[in-house]
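Read the figures in this text as sums done on the coordinates, not as results from a lab. As the structure is a computational prediction, the values presented were derived from the model and not from experiment. Cβ placement follows ideal geometry from the backbone for every residue including glycine, while neighbour counts extend to all protein chains displayed.
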């Protein structure tokens with residue numbers, strides 16, 4: 001991960017998930033939904049088995065497994081699966097940076113596995129367990145980034161500290177959602193911090209590997225370091241602007257579909273899940289009872 005591709009690919013993946021949640025949040029707010037994603041019905045009442053596969057959970061597993069294999073065996077011919085150099089009499093640890101990244105990928109893979117088990121294998125979906133696994137993954141990411149900045153240049157330390165800020169805030173919001181779910185304010189905060197995290201990771205690629213000016217950033221120059229914080233503040237505004245843009249596009253689509261269904265004589269349903277609000281409440285209550293036993 002200590003390369004341009006190693007930072008660029010995770011940044012793009014984070015951005016994809018953040019944009020996906022931006023769309024979900026925008027539509028949920030426009031429709032007045034009580035749930036960001038309606039809970040799944042009991043297992044025996046679900047449709048075809050292929051429809052039960054959680055796409056996001058599978059996506060997490062595939063992406064993180066690819067990252068783990070790359071940390072172990074990329075470039076071809078390299079093998080970093082060992083932690084200790086047994087040939088050295090002092091038995092020093094080796095490949096610490098790679099094991100940092102592997103641990104990070106491993107906990108996000110765990111989150112994907114939890115999504116799959118919760119939505120496909122359990123009798124009832126365990127939403128709290130899914131949120132707890134996500135929160136744990138981001139907490140681990142923040143902790144690893146704190147250790148990752150040791151023995152780095154001032155520039156790398158500064159950009160990683162700024163990366164830790166939105167990472168910690170995402171983990172905090174996810175942790176709160178375990179106990180206080182279905183709060184629109186938390187949906188918006190989580191999505192905003194996720195967008196800032198992903199765009200800043202892409203900015204990190206520009207700073208460390210492909211500076212637009214063609215000249216490397218100078219760690220000893222206080223002006224260069226000062227602009228890092230300025231750019232991070234801009235990313236806070238960029239995240240809000242992206243959310244507003246997505247909300248605007250979803251609003252146009254929502255009103256267009258609403259007017260089309262009204263013109264055709266069909267009443268628009270805010271949450272077209274095939275279940276009434278009472279049934280959704282029962283499903284939610286059942287899921288929370290199951291979560292209480294986790």
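Listing 199, 191 from fewest to most neighbouring C-beta atoms within 10 Å gives 199, 191. Ranking of 149, 127 by neighbouring Cβ atoms within 10 Å, starting from the fewest: 149, 127. To the nearest Å, what is the center-to-center distance of the stretch 239-255 and the stretch 165-214, using C-alpha atoms only? Cα centroid of the stretch 239-255 versus Cα centroid of the stretch 165-214: 18 Å apart. Residues 115, 88, arranged from fewest to most other Cβ atoms within 10 angstrom of their Cβ, appear as 88, 115.
Assuming R0 = 35 Å, what is the FRET efficiency of residue 91 and residue 165, from their Cβ-Cβ distance, to the nearest 0.05? Efficiency computed from Cβ-Cβ geometry: 0.45.
For the stretch 82-196, the convex hull spanned by the alpha carbon atoms encloses 121 Å³ per residue. Measuring nothing but how far apart in sequence close Cα pairs (under 8 Å, 6+ apart) lie, relative to its length, the stretch 1-160 scores a relative contact order of 23 percent.
For the pair residue 69 and residue 149, the difference between a 0.36 nm per residue extended length and the Cα-Cα distance amounts to 26.5 nm.
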